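Below is one structure, written out as structure tokens; the observations come after it.
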Amino acid sequence: MSSYIKGAGIIATGGIIAKLLGLFFKVPIGRILGDFGFGLYYNSYNIYNLLLTVSIVGVPVAISKMISERASVKNYYGLYSVFKLSMTVLLLIGGISSAVLYFGAHWIIDIANWHPDTYYAIIGLSAAPFFVSIMCAIRGFFQGMQMMTPSAISQIIESIVRVIFGIGLCLYLTQSYGLAMGAGGASAGATIGAILTTLFLLFALSLFMKSFRKNINESKKIFKKESNRAILKRLTQIAVPVTLASAVVSLFGIINSFTYVPRLQVAGFNIDTATSMFGDFGRAQTMINVPLTFSAAMVITLVPAISASFALNDIKSIRRKTELGIRVMLLISLPCAVGLSIYADPIFELLFPASQYGGEILKYLSYSTVFIMITNTLQSVLQGLDKFMVPVKNLFIGLIVKFILNYIFIAIPSINIYGLVISNIGAYAVSTLLNYISIKKCLKIKLNINQTVVKPLTASLIMAIVGMKIFNVVSTTTGENIGVLISITLCVVVYFVALILLKGLTREELLLLPGGRKIIGMFKK
């Protein structure tokens with residue numbers, strides 16, 4: 001039952017390394033481009049993410065779910081048929097998405113009321129969806145087989161390539177041609193990363209297939225061939241609502257992009273200042289994306305894990321996986337939110353010293369991570385249970401809440417860009433509550449509130465109090481930049497020790513950790 005948690009750990013490890021590399025990418029990019037140039041870069045990424053979501057994201061989830069269902073009954077012939085057809089579909093829609101970005105760049109800028117210089121950043125990303133579609137198909141295949149290592153390695157490769165080429169192109173083009181072209185160079189790093197990662201995944205797939213073809217041929221003698229029409233119908237039934245859910249999440253960012261300029265103008269800020277403020281919001285968003293890697297990993301592993309139990313009608317296993325998934329997310333999200341909040345200013349001073357608003361934004365935006373991570377986990381459970389439209393409806397309600405809060409609060413001069421923070425927290429809090437109510441009705445799960453919420457929250461507060469004292473002492477000797485790095489590392493230890501002393505971790509959960517048996521023995525003594 002805990003194997004999917006270990007799988008999530010593999011994906012999360014790769015994801016964390018990728019996010020840290022991504023942070024290493026955005027820090028120099030932010031310094032090279034400045035607030036205005038980074039705003040151009042961040043504008044392009046919002047529309048890029050929306051197009052990826054609409055065209056690609058839902059299909060890998062469908063692939064992993066359909067493959068997991070067939071793998072649970074050893075129908076390897078059927079799962080290979082699913083993969084081949086899915087790859088064809090993804091290549092088609094990935095190509096269309098790339099064409100939309102390349103040929104529709106000016107139209108997108110006009111509709112969004114963005115600065116005209118955003119054009120080059122969009123063009124730099126335009127070829128990426130085509131190659132990302134191939135990546136997603138192969139990752140979906142491996143994840144459906146519950147083999148997480150290829151996906152984790154590919155994440156790291158993609159990030160390393162993006163860092164090398166993105167920073168290099170950004171620096172060269174900025175110095176030679178200005179900020180707009182520099183933002184385009186930074187965006188092009190993602191395209192080059194997608195190309196080289198695709199080559200790696202194709203190589204990994206070819207190695208796997210050398211031995212797996214035997215299983216496919218043996219399975220072919222037992223199971224009947226599924227028609228492409230039946231596979232495509234099931235793929236559509238899963239992918240469309242999953243895509244809609246992801247599209248609604250991307251619309252959260254699009255609503256930010258489309259509302260911040262006109263509403264900040266109402267508050268008395270010009271377009272250049274508004275773009276710079278949004279660049280700082282983007283930097284804060286980059287920081288909270290690091291802990292969000294854990295929930296992304298949980299989604300990747302939980303959907304096929306729940307789907308396998310659902311295919312076998314093992315409701316007891318589904319309940320245990322769901323309860324453990326929620327608990328693990330709270331164990332991770334609460335200290336991450338508190339840690340980012342208390343160290344927001346020194347983190348920004350270290351990474352983005354020229355940022356005017358970023359530290360204060362992160363101080364409050366960090367708390368949205370709790371709701372985002374939990375709602376992602378709950379959404380993956382509902383998708384594993386074939387309740388695909390439920391999270392779509394719940395997220396759409398959150399989207400409405402976000403638009404209303406954006407419209408009201410950003411236009412208030414004293415709140416301005418912090419209206420985006422208020423709307424983020426409010427929208428995801430509503431979605432989390434609605435998703436939990438839906439799962440409660442389906443599974444009748446019973447969470448131990450003391451063990452799941454109170455103890456991790458208490459340990460996080462202890463960590464915050466001790467952590468600030470540690471920073472005050474250490475920073476006087478080493479300086480703030482080194483001090484914050486040392487303090488964050490020690491905070492992890494403080495939280496973990498406090499959690500164990502509060503008996504907030506069970507024996508089963510400790511055994512999931514590297515060296516878990518040694519930890520148990522040490523604390524027994």
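Quick check on my filter: what residues within segment 428-452 are aliphatic (A, V, I, L, M) and closer than 24 Å to I315 by Cβ?
Of everything in segment 428-452, those that are aliphatic (A, V, I, L, M) and closer than 24 Å to I315 by Cβ turn out to be L433, L434, I437, I439, L443, I445, L447, I449.
Out of segment 143-171, which residues are among the hydroxyl-bearing types (S, T, Y) and open to solvent by less than 60 Å² (accessible area, probe 1.4 Å)?
S151, S154, S159
I'm trying to understand the selection: among the residues of segment 260-273, which are out of contact with any Ser or Thr (no Cβ under 9 Å at 6 or more places or on another chain) and either farther than 17 Å from N113 by Cβ or crowded, with 21+ Cβ neighbours inside 10 Å (or both)?
The answer is R263, G268.
Among the candidates T243, T236, which residue alone is assigned to a helix (DSSP H, G or I), open to solvent by 10 Å² or more (accessible area, probe 1.4 Å), touching a Gly at 6+ places or on another chain (Cβ under 8 Å) and under 26 Å from G140 (Cβ atoms)?
T243
Kindly indicate whether I108 is under 25 Å from the mean Cα position of the chain (by Cα), within 30 Å of T273 (Cα to Cα) and of a type outside the set (D, E, K, R).
yes
Which condition does P456 not pass, out of (1) more than 26 Å from the chain's Cα centre (by Cα); (2) at pLDDT 90 or above, if it passes all the others?
Just one mismatch for P456, condition (1).
Residues I415, I425, I462, I347: which one is at pLDDT 85 or above, hydrophobic (A, V, I, L, M, F, W, C) and surrounded by fewer than 16 Cβ atoms within 10 Å (Cβ to Cβ)?
Every option except I415 fails the conditions.
Looking at (1) at pLDDT below 80; (2) among the aliphatic types (A, V, I, L, M); (3) touching a Ser or Thr at 6+ places or on another chain (Cβ under 7 Å); (4) open to solvent by less than 20 Å² (accessible area, probe 1.4 Å), which is the one condition that is false for A297?
(3)
Whether any residue in segment 391-408 is farther than 21 Å from A247 by Cβ, open to solvent by less than 80 Å² (accessible area, probe 1.4 Å) and free of Cβ contacts under 8 Å to residues at least 40 places away in the same chain is what I want to check.
Within segment 391-408 (the criterion being farther than 21 Å from A247 by Cβ, open to solvent by less than 80 Å² (accessible area, probe 1.4 Å) and free of Cβ contacts under 8 Å to residues at least 40 places away in the same chain), the answer is no, since none of the residues qualifies.
Within segment 327-384, how many residues are charged (D, E, K, R) and touching a Ser or Thr at 6+ places or on another chain (Cβ under 8 Å)? Quick ask: steps written out before the conclusion?
Taking segment 327-384 first, the residues charged (D, E, K, R) are 327, 345, 349, 360, 363.
Pick out the ones that are also touching a Ser or Thr at 6+ places or on another chain (Cβ under 8 Å) and you get 327, 363.
So the answer is 2.
Take segment 426-468 and flag every residue that is of a type in the set (A, V, I, L, M) and touching a Phe, Trp or Tyr at 6+ places or on another chain (Cβ under 6 Å). Write out each step before concluding.
In the first step, residues of segment 426-468 are kept if they are of a type in the set (A, V, I, L, M); the result is 427, 429-430, 433-434, 437, 439, 443, 445, 447, 449, 453-454, 457, 459, 461-466, 468.
Of everything in segment 426-468, those that are of a type in the set (A, V, I, L, M) and touching a Phe, Trp or Tyr at 6+ places or on another chain (Cβ under 6 Å) turn out to be A429, A459, M463.
Please go through segment 177-205 and pick out each residue that is open to solvent by 60 Å² or more (accessible area, probe 1.4 Å) and without any contact (Cβ under 8 Å) to a residue 60 or more places away in the chain.
Y177, L196, L199, F203
Can you tell me which residues in segment 102-116 are open to solvent by less than 100 Å² (accessible area, probe 1.4 Å) and either part of a helix (DSSP H, G or I) or touching a Phe, Trp or Tyr at 6+ places or on another chain (Cβ under 6 Å) (or both)?
Here is the first cut: in segment 102-116, the ones open to solvent by less than 100 Å² (accessible area, probe 1.4 Å) are 104-105, 108-109, 111-116.
Answer for segment 102-116, where residues must be open to solvent by less than 100 Å² (accessible area, probe 1.4 Å) and either part of a helix (DSSP H, G or I) or touching a Phe, Trp or Tyr at 6+ places or on another chain (Cβ under 6 Å) (or both): A105, I108, I109, I111, A112, P116.
Name every residue in segment 353-386 that is in contact with an Asp or Glu (Cβ under 8 Å, 6 or more places away or on another chain) and not in a helix (DSSP H, G or I), in order of residue number.
A354, S355, Q356, Y357
Pairs only if they're at least six apart or on different chains, beta carbon under 9 angstrom, first in segment 219-244 and closer than 20 Å to P60 by Cβ, second surrounded by fewer than 16 Cβ atoms within 10 Å (Cβ to Cβ) and among the acidic types (D, E); list them, first residue then second.
What qualifies is Q237/D386; I238/D386.
Being under 24 Å from I465 (Cβ atoms) and open to solvent by 30 Å² or more (accessible area, probe 1.4 Å) is the filter here; which residues of segment 318-342 pass it?
If the condition is that a residue be under 24 Å from I465 (Cβ atoms) and open to solvent by 30 Å² or more (accessible area, probe 1.4 Å), then I332, C336, I342 are the ones that fit.
Does I318 satisfy being at pLDDT below 90, more than 23 Å from V492 (Cα to Cα) and under 21 Å from the mean Cα position of the chain (by Cα)?
no
Among the listed residues I315, I306, which satisfies the condition of being touching a Ser or Thr at 6+ places or on another chain (Cβ under 9 Å), within 26 Å of Q451 (Cα to Cα), among the aliphatic types (A, V, I, L, M) and crowded, with 23+ Cβ neighbours inside 10 Å?
None of the others qualify; the one that does is I306.
Could you tell me how many of the residues in segment 344-369 are under 16 Å from L292 (Cβ atoms) and without any contact (Cβ under 8 Å) to a residue 24 or more places away in the chain?
Adding up the residues that qualify gives 0.
Checking the condition open to solvent by less than 10 Å² (accessible area, probe 1.4 Å) and either assigned to a helix (DSSP H, G or I) or within 30 Å of T275 (Cβ to Cβ) (or both), which residue from S98, S81, S86 passes?
Going through S98, S81, S86 in turn, just one is open to solvent by less than 10 Å² (accessible area, probe 1.4 Å) and either assigned to a helix (DSSP H, G or I) or within 30 Å of T275 (Cβ to Cβ) (or both): S86.
Output the qualifying pairs, or none if there are none: Cβ atoms under 6 angstrom, residues six or more apart or on different chains, first residue in segment 142-159 and closer than 21 Å to K84 by Cα, second residue buried (at least 19 other Cβ atoms within 10 Å of the Cβ) and among the basic types (K, R).
If the second residue must be buried (at least 19 other Cβ atoms within 10 Å of the Cβ) and among the basic types (K, R), the pairs left are S151/R139.
The values are calculated or read from the model by the stated rules, or taken from the named source; none is laboratory data. In this text, all values refer to a predicted model and were calculated from it rather than measured experimentally. Cβ sites come from the backbone with ideal geometry, for glycine too, and all protein chains shown count toward neighbours. What goes into the accessible areas is simple: the full protein's heavy atoms, side chains included, and nothing from ligands, DNA or RNA. Shrake-Rupley method; radii C 1.70, N 1.55, O 1.52, S 1.80 Å.
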